[in-house]
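Novice: First the structure, which I've put down as structure tokens, then a few questions once you've had a look.
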Amino acid sequence: MIKNTCTCLALALMLFACSKTKESSDSQLSTAPDTTAKAPVVLAKDPRKIGPEKSKDQITIEQNIYSINASENPLYGYWVGSFGKNKINIAIARIEGDSIFGHSVCAGNFRAIKGTIQKTGEDIYKAVMREPGDDQYDGEFQFEVDAARQELSGSWKPYKKTVGAKTYILLKTDFTYDPTLGDHPEASTTYLDVPDVENLLPEEIEMIRNEIYARHGYSFTNIKIRRIFDEKDWYIPMAIDIRDQLTDIEAHNIDLLLNYEEYQEEYYNDYGR
């Protein structure tokens, strides 16, 4: 009898201990951070690795972008506005004596520009800046900068008669990457999954994907997409290669969206039935 009682008591203690251990384990699981939403280590098509390497010319221009310090000179920074039917960004990066250096970004073109500048009045400067000339659409900028009004206005004409001359009025504009901008900020702030995209229309998927690039200031060559984002107040064309600026969330979502764009193209007749 005593033996049976001891056996039952030992069994009860074991069950109690197991119960406490499981309770403790469950408690730890419920309070631990959820790591299941992390992006895959290896993407089927990592958008940061698709495409050719950057050219040396582009790397040189980008070094100017990230070294611009607007506090050093009121002319330094990005001057943005309409340029014909497109949006342009004339970036002034450095002034040495009467020499001025920078770059232009417009319609998928990313060109180094340099020239001369002189002060013609209080807070008024006149400059001539030229593109290299090794592209059929290169030309010469002539403009006046009103530093007090933060306005840059002038004209541009091509070296060759490939396109028409243009006039423009640009405003000094700051650029800061902001993942919450646009109509679909979730594509830059949240890991999307299949249910989030599988029932979207092809044009919706295309816009969501391209908006990720637009937030980073990608200058689009696709005229349809370019027209859409050029109309957005928040959009500033900054560069033609922003792959290395994509976050893990954005790379994951672009990969997912591309898969569904390809699926819809291949199985269009069956999709959605």
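The values are calculated or read from the model by the stated rules, or taken from the named source; none is laboratory data. Small disclaimer: the values here were computed from a predicted structure and weren't measured. Because the Cβ atoms are built from the backbone with ideal geometry, glycine has one as well, and the counts that use them run over all protein chains shown. The protein model used for the area step is the full one, side chains on, heavy atoms only, and it has no ligands, DNA or RNA in it. Shrake-Rupley method; radii C 1.70, N 1.55, O 1.52, S 1.80 Å.
Novice: Being within 12 Å of the chain's Cα centre (by Cα) and closer than 11 Å to residue 187 by Cα is the filter here; which residues of the stretch 236-253 pass it?
Specialist: Of everything in the stretch 236-253, those that are within 12 Å of the chain's Cα centre (by Cα) and closer than 11 Å to residue 187 by Cα turn out to be 247, 250, 251.
Novice: Moving on to the next point. Look at residue 220 and say whether it is touching a residue at least 24 places away in the same chain (Cβ under 8 Å), open to solvent by less than 20 Å² (accessible area, probe 1.4 Å) and part of a loop (DSSP other than H, G, I, E, B).
Specialist: Yes; evaluated as a whole, the condition is true for this residue.
Each row is one residue, and each column tells you yes or no for (1) among the acidic types (Asp, Glu); (2) surrounded by 14 or more Cβ atoms within 10 Å (Cβ to Cβ).
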site: 81; (1), (2): no, yes
site: 84; (1), (2): no, yes
site: 98; (1), (2): yes, no
site: 112; (1), (2): no, yes
site: 118; (1), (2): no, no
site: 131; (1), (2): yes, yes
site: 143; (1), (2): no, yes
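Here's the yes/no breakdown for (1) more than 16 Å from the chain's Cα centre (by Cα); (2) modelled with pLDDT under 95; (3) surrounded by fewer than 16 Cβ atoms within 10 Å (Cβ to Cβ):
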| position | (1), (2), (3) |
| --- | --- |
| 168 | yes, no, no |
| 173 | yes, no, yes |
| 177 | no, no, yes |
| 182 | no, no, no |
| 187 | no, no, no |
| 197 | yes, yes, no |
| 202 | yes, yes, yes |
| 208 | no, no, no |
| 211 | no, no, no |
